[in-house]
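The values are calculated or read from the model by the stated rules, or taken from the named source; none is laboratory data. Worth saying up front: this structure is predicted, and the values here are computed from it rather than measured. Reconstructed Cβ throughout: ideal geometry from the backbone, glycine too, with neighbour counts over all protein chains shown.
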């Protein structure tokens, strides 16, 4: 997914493409989400949609909607292009963000 | 600018009987986020929602948003967790995302 876009990446274990974070630069829970991933040493890629050009933002939202059948809210985390988490709820992330299950 | 934002959220909290986010680091990110949206759009757009950048279309999500009271009543804090109920603040629970109450059709395409 989203292969045509230029992503920011955070270093860590695994491939950044396994964890894709859609965020807003002003959002507190988006910062919590990034800290969660970084505290666990996980590589991920991210974009802050409010900082994108309107056409690029629209493309990403449309691709998300086509794949998952709903509009993204922030943060949204896409796991291995197959699964998504909406919002930052630590218990859900603990269940679903499992480094051992991510594609290498 | 952030001191004006701090004053603004403190006044809102007092007038509505809400408590500001008690996690100080999280509160600072929200004040910074609100300051940023004010500078970008000219009004305090909710920092956790995507806006149109057009005041008329964003009216319901200008802080304090129209959904805050219902969210605080049901979940203990507003959508971005800037404002809390007294009970939630006393619980010392970490803030976490809550469901979006704003109708889908009001968001930008």
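Every residue, every condition in (1) within 13 Å of chain B (Cβ to nearest Cβ); (2) touching a helix residue (DSSP H, G or I) at 6+ places or on another chain (Cβ under 6 Å); (3) free of Cβ contacts under 8 Å to residues at least 12 places away in the same chain, yes or no:
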| site | (1), (2), (3) |
| --- | --- |
| A:20 | no, no, no |
| A:44 | no, yes, no |
| A:60 | yes, no, no |
| A:90 | yes, no, no |
| A:96 | no, no, no |
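Quick one: would you say residue B:96 is exposed (fewer than 12 other Cβ atoms within 10 Å of the Cβ), within 13 Å of chain A (Cβ to nearest Cβ) and over 24 Å from residue A:60 (Cβ atoms)? It is false that residue B:96 is exposed (fewer than 12 other Cβ atoms within 10 Å of the Cβ), within 13 Å of chain A (Cβ to nearest Cβ) and over 24 Å from residue A:60 (Cβ atoms). Residue B:28 passes every criterion in (1) touching a residue at least 40 places away in the same chain (Cβ under 8 Å); (2) over 20 Å from residue A:49 (Cβ atoms); (3) surrounded by fewer than 19 Cβ atoms within 10 Å (Cβ to Cβ) apart from (1). With the requirement that a residue be farther than 18 Å from residue A:74 by Cα and surrounded by fewer than 19 Cβ atoms within 10 Å (Cβ to Cβ), what does region B:33-65 give you? Within region B:33-65, B:39, B:40, B:41, B:42, B:43, B:54, B:55, B:56, B:57, B:59 qualify. All of (1) surrounded by fewer than 17 Cβ atoms within 10 Å (Cβ to Cβ); (2) modelled with pLDDT under 95 hold for residue A:39 with one exception: (2). Is it the case that residue A:9 is more than 26 Å from residue B:36 (Cβ to Cβ) and either out of contact with any strand residue (DSSP E or B) (no Cβ under 7 Å at 6 or more places or on another chain) or outside any helix (DSSP H, G or I) (or both)? No: the conditions fail for residue A:9.
Which residues, taken from region A:51-92, are farther than 21 Å from residue A:8 by Cα and assigned to a helix (DSSP H, G or I)? Matches in region A:51-92: A:65, A:66, A:67, A:68, A:90, A:91, A:92.
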